[in-house]
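Structure first, then comments.
The values are calculated or read from the model by the stated rules, or taken from the named source; none is laboratory data. Since this is a predicted model, take the numbers as computed values, not measurements. All Cβ positions, even for glycine, are placed from backbone atoms using ideal geometry, and neighbour counts span all protein chains on display. Note: accessible area is taken over every heavy atom of the protein model, side chains too, but ligands, DNA and RNA are not part of it. Shrake-Rupley method; radii C 1.70, N 1.55, O 1.52, S 1.80 Å.
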Amino acid sequence: MSELTERDLELINALARRPLKAEEVYTFRLAACNNQVDRDLERFTEATLSGLAELFVGRPVLMDHNWSAGSQTARVYAAGVEEMPGVEGGQQLVLRCYMPRLQGNGDTIAAIETGLLRECSVGVAVKEAVCSVCGVNQRTGWCEHRGGMEYDGATCFFELRGAEDAYEVSLVA
């Protein structure tokens, strides 16, 4: 559980329908995405991470990208870009989330606290996915380069630029 400050409670209450007390909420942090090449051979730029930080406030935390009201587990109340520990030049989008302490949330809170639920995946839209080899935006053009393949000693990946929207963040395996 994250330390709940007065400012945190203020931000949470800006999203709630009624004022919540500190003892009514459970808070946690998620390292949502970063500027490193991921398993999909994509990386977010630092500017895109900053843009997503603004867009994520108020968005839901789901289980397994299941877009249903029953899958809503928590809500993002604050977000920011932070350095990645132990990764030179690494920047990550950190989401601060809250959920009400309801009888039905006990197992989810325990799973988060014990480290069972700790990975997440973001549902976002970006303006561009730019090829690292030739600079073609894959959203509007096409190139022959394939992510993960090597071209003249450089491995191809796609740089995600221009945060357009943040839909949700999901707790996933």
Quiz prompt | Residue selected from the stretch 36-64 under the condition assigned to a strand (DSSP E or B) and among the hydrophobic types (A, V, I, L, M, F, W, C), by the criterion nearest to the chain's Cα centre (by Cα) | solution = V61
Quiz item: Are there any pairs with C-beta distances below 6 angstrom linking a residue in the stretch 24-35 that is more than 17 Å from A173 (Cα to Cα) and part of a strand (DSSP E or B) to a residue that is β-branched (V, I, T) and open to solvent by 10 Å² or more (accessible area, probe 1.4 Å), with the two at least 6 apart or on different chains, and if so which?
Solution: Y26/I109; F28/I112
Exercise. Looking only at the stretch 46-68, decide whether some residue is touching a helix residue (DSSP H, G or I) at 6+ places or on another chain (Cβ under 6 Å), at pLDDT below 95 and surrounded by fewer than 21 Cβ atoms within 10 Å (Cβ to Cβ).
Key: yes
Exercise. Considering only the stretch 69-87, state which residues are assigned to a helix (DSSP H, G or I) and either of a type in the set (A, V, I, L, M, F, W, C) or crowded, with 16+ Cβ neighbours inside 10 Å (or both).
Key: A69, S71
Practice problem: Can you tell me which residue within the stretch 9-40, out of those that are farther than 18 Å from V81 by Cβ and of a type in the set (D, E, K, R), is least open to solvent (accessible area, probe 1.4 Å)? | Solution: E24
Practice problem: For the stretch 88-97, name all the residues that are farther than 17 Å from E119 by Cα and open to solvent by 50 Å² or more (accessible area, probe 1.4 Å). | Solution: E88, G89
Quiz item: What do you reckon, is G135 within 17 Å of A32 (Cβ to Cβ) and without any contact (Cβ under 8 Å) to a residue 40 or more places away in the chain?
Solution: no
Quiz item: Within the bounds of the stretch 111-129, is there any residue that is free of Cβ contacts under 8 Å to residues at least 60 places away in the same chain, among the β-branched types (V, I, T) and open to solvent by less than 70 Å² (accessible area, probe 1.4 Å)?
Solution: no
